[in-house]
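Undergrad: Structure in structure tokens, see below.
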Amino acid sequence: MSARNLAGGAVAAVPAHKRNRWRDNHDRFVGFLLLMPLVALILGLTVYPISQVMQLSTQQQGLFSTESTFVGLQNFQNVVQHEAFGRSVKNTFTFAFGSLSLQMAIGLAVALLLNRQFPLNTPIRGAMLFSYLVPYVVAAMTWKFMFSDATGILNYFIRWSGLPMAASPFGSLDWSMFGVILVNTWKNFPFMVLVFLAQLQTIDQELYEAASVDGASTFQQFWNITLPSLIPIMLVVGMLRTIWNFNNFEVVFLLTQGGPIGRTETLPLLIYRFVFGEFSLGRGAALAVIVFFILVSMSIVYWIFYERMQEKFR
């Protein structure tokens, strides 16, 4: 008898359930090996930096010093008791959810318009990306130029129309937050348009035809067909944009640098002030940890609400 026949007989002698178990264990091991580079990358780019920030938050260390002293939770206490902390938390929530509300409202309205068939539909869809592609620096400087006292076209229009707002909102105590929300909305609402438009394309048109035959109005079709289809993606995008708005540093810094008198100073700008203004890495790290846990808590609430809405519309 040949060696091949002997080997085949030996394999056949092994019970089938054992062969399947060995094959499953082998596949799991190979899959684990293939995932290891990705796991190492995630640990190196996320877990390790976060752990370093948390460790630094318990140390007293200057920006230009390599020596540190363990102070426990003292940095957190100093941050919470700081005169600008409460104001920055309020400003951050106002900026984040104000921007989110405007971006969703404008993005949904534009997506509904672009979802219809009309001449030059495709070029207009492409043009909607323009503001999203513009760098933050260019966007901020352009808006500041348009509100300039000397040459700003928006400044001239506000003065001519007699609107009840400052000619340049970025230097106004009452309108500075509205100004940075406006620029942030203009910069990022195309992202909402793209997401909503993609979701609108997946809705079966026969649903609208059936609703129209039944006599449903345009608003009733939107409320009973369009909106339920958009709610899941609105929640996911809302969570992402809330995180991005919460961590946004460029828009506020370039337009107002947190002024006037702290009216637009958000938590990212307060972290910047602690680290580069007061040269305290420990307090900056402590505030960063606080922001991290605020966002984690908000994300958990978002996902709980998302799961409930999924069950409701399933």
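The values are calculated or read from the model by the stated rules, or taken from the named source; none is laboratory data. Keep in mind that this is a model prediction, so the values were computed, not measured. Positions of Cβ are generated from backbone atoms using ideal geometry, with glycine treated the same way; all protein chains shown enter the neighbour counts.
Undergrad: Working carefully through the options Gly238, Gly259, Gly179, find the one that is within 26 Å of the chain's Cα centre (by Cα) and assigned to a loop (DSSP other than H, G, I, E, B).
TA: Gly259
Undergrad: Name the single residue, out of those in the range 185-235 being among the hydroxyl-bearing types (Ser, Thr, Tyr) and not in a helix (DSSP H, G or I), that is nearest to Met298 (Cα to Cα).
TA: Thr202
Undergrad: If you don't mind, another one. Evaluate the range 42-62: report whether one residue or more is in contact with an Asp or Glu (Cβ under 7 Å, 6 or more places away or on another chain), assigned to a loop (DSSP other than H, G, I, E, B), at pLDDT 85 or above and not β-branched (Val, Ile, Thr).
TA: No, every residue in the range 42-62 fails to be in contact with an Asp or Glu (Cβ under 7 Å, 6 or more places away or on another chain), assigned to a loop (DSSP other than H, G, I, E, B), at pLDDT 85 or above and not β-branched (Val, Ile, Thr).
Undergrad: Suppose we filter Glu206, Glu250, Glu278 for residues that are acidic (Asp, Glu), within 15 Å of the chain's Cα centre (by Cα) and surrounded by fewer than 19 Cβ atoms within 10 Å (Cβ to Cβ); which single one remains?
TA: Glu250 is the lone residue from the list that is acidic (Asp, Glu), within 15 Å of the chain's Cα centre (by Cα) and surrounded by fewer than 19 Cβ atoms within 10 Å (Cβ to Cβ).
Undergrad: Determine the pairs where a residue that is assigned by TED's automatic domain parsing to the domain that holds Ser229, located within the range 188-201, has a partner that is part of a helix (DSSP H, G or I) and basic (Lys, Arg) with Cβ atoms under 8 Å apart, the partner being 6 or more residues away or on another chain.
TA: As it stands, the answer is Asn188/Arg241; Phe191/Arg241; Met192/Arg241; Leu197/Arg125, since those pairs meet every condition given.
Undergrad: Name the residues in the range 76-106 that are touching a residue at least 12 places away in the same chain (Cβ under 8 Å), of a type in the set (Gly, Ala, Ser) and surrounded by fewer than 19 Cβ atoms within 10 Å (Cβ to Cβ), would you?
TA: Once the filter is applied, which keeps residues that are touching a residue at least 12 places away in the same chain (Cβ under 8 Å), of a type in the set (Gly, Ala, Ser) and surrounded by fewer than 19 Cβ atoms within 10 Å (Cβ to Cβ), the range 76-106 yields Ala84, Gly98.
Undergrad: I'm told Met298 meets every condition in (1) over 20 Å from Gly86 (Cβ atoms); (2) of a type in the set (A, V, I, L, M); (3) touching a residue at least 40 places away in the same chain (Cβ under 8 Å) except one. Can you identify the failing condition by its number?
TA: That leaves (1) as the condition not met.
Undergrad: Given the structure, is Phe118 of a type in the set (Phe, Trp, Tyr), under 23 Å from Ile233 (Cβ atoms) and in the same structural domain as Phe222 (by TED's automatic domain parsing)?
TA: no
Undergrad: Given Ala139, Ala109, which one is without any contact (Cβ under 8 Å) to a residue 40 or more places away in the chain and within 23 Å of the chain's Cα centre (by Cα)?
TA: Ala109
Undergrad: Which members of the range 63-95 meet the condition of being of a type in the set (Gly, Ala, Ser) and out of contact with any strand residue (DSSP E or B) (no Cβ under 7 Å at 6 or more places or on another chain)?
TA: Answer for the range 63-95, where residues must be of a type in the set (Gly, Ala, Ser) and out of contact with any strand residue (DSSP E or B) (no Cβ under 7 Å at 6 or more places or on another chain): Ser65, Gly72, Ala84, Gly86, Ser88.
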